Amino acid sequence: MSSDLFKRITILVGVALLALAFISMFAYDVIKLDWVSFMEIQPAFQPMYNPLPVPAGSIPIDGSVYVPSEGVPANPIPAEAASITRGMELYHINCIHCHGPLGKGDGTVAIYLQNKPANLTGLPVRALSDGGIFLTISDGIQGKMPALNENLTVRERWDVVNYVRSLK
Ligand code: HEC
């Protein structure tokens with residue numbers, strides 16, 4: 001009788017140990033399960049996608065920016081060599097893949113785009129004011145060019161404007 005009890009306890013402990021070993025395989029990454037993640041199906045604000053409108057009565061603290069009632073902003077940054085050099089570096093990070101190394105609209109991804117990037121040296125862009133280019137960079141063009149106001153500070157945008165202006 002007591003040997004029967006011993007046998008039962010041994011089997012019980014054995015089963016418990018096996019179960020523990022099995023469970024720890026999950027913890028130690030022996031068995032890897034991709035847990036369902038619901039992060040991507042939550043409502044979310046994507047970057048560069050429908051930027052929130054500026055609340056009424058806001059005042060820009062970051063230099064000249066677009067205030068709807070005040071029309072196109074004036075360029076506060078003189079087109080000096082330092083600004084143009086900075087603008088060139090930022091252009092090479094943010095614009096070159098679409099607008100191309102010389103602004104001709106022939107960047108490496110341009111062939112894949114349905115709406116071709118503008119030639120920044122062409123007449124239509126040269127006819128834009130500095131503020132007009134600033135607004136294009138800030139707000140993008142719906143369905144064609146992304147808004148880059150989250151990638152570039154106000155100052156950086158004006159540097160890029162000065163660089164675009166220097167393209168011939
Ligand atoms: C994803 C590609 C893409 C990127 C990145 C991009 N652009 Fe554009 N851009 C476009 C396209 C496409 C158009 C042409 C839209 C059209 O046909 O009106 C355009 C048009 C423009 C125009 C002309 C706007 C007008 O009113 O005619 C300017 C100026 C411009 N881009 C500047 C820039 C600058 C400066 C940057 C970087 C800070 C930049 N773009 C980044 C795709 C891009």
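The values are calculated or read from the model by the stated rules, or taken from the named source; none is laboratory data. No experiment lies behind these values; they were computed from the predicted model shown. Glycine also receives a Cβ, built like all others from the backbone with ideal geometry; neighbour counts cover every protein chain displayed. Calculation scope for accessible area: heavy atoms of the full protein, side chains included, ligands and nucleic acids excluded. Shrake-Rupley method; radii C 1.70, N 1.55, O 1.52, S 1.80 Å.
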Worksheet item: Picking from SER129, SER58, SER83, which residue would you name as being more than 10 Å from the ligand (Cβ to nearest atom), of a type in the set (Ser, Thr, Tyr) and more than 17 Å from VAL164 (Cβ to Cβ)?
Response: SER58
Worksheet item: Within region 90-113, can one find any residue that is over 20 Å from ASN151 (Cβ atoms), in contact with a Lys or Arg (Cβ under 8 Å, 6 or more places away or on another chain) and either more than 8 Å from the ligand (Cβ to nearest atom) or hydroxyl-bearing (Ser, Thr, Tyr) (or both)?
Response: no
Response to the item:
Per the list (1) in contact with a Pro (Cβ under 8 Å, 6 or more places away or on another chain); (2) at pLDDT 90 or above; (3) more than 11 Å from the ligand (Cβ to nearest atom), residue check on SER166 breaks on (1)
Practice prompt. Select from region 114-126 the residues that are within 10 Å of the ligand (Cβ to nearest atom), of a type outside the set (D, E, K, R) and open to solvent by 80 Å² or more (accessible area, probe 1.4 Å) and write down the one among them that is nearest to the chain's Cα centre (by Cα).
Written response: GLN114
Discussion item. Restricting to region 72-112, give me the number of residues that are open to solvent by 70 Å² or more (accessible area, probe 1.4 Å), farther than 20 Å from SER129 by Cβ, in a loop (DSSP other than H, G, I, E, B) and of a type outside the set (A, V, I, L, M).
Written reply: 4
Worksheet item: Which members of region 132-148 meet the condition of being open to solvent by less than 20 Å² (accessible area, probe 1.4 Å), more than 9 Å from the ligand (Cβ to nearest atom) and in a loop (DSSP other than H, G, I, E, B)?
Response: ALA147
Response to the item:
Scanning region 117-150 residue by residue, those closer than 17 Å to CYS98 by Cβ, of a type outside the set (D, E, K, R) and touching a residue at least 60 places away in the same chain (Cβ under 8 Å) turn out to be SER138, GLY140, PRO146, ALA147, LEU148, ASN149
Practice prompt. Report yes if some residue within region 84-98 is acidic (Asp, Glu) and at pLDDT 95 or above; otherwise report no.
Written response: yes
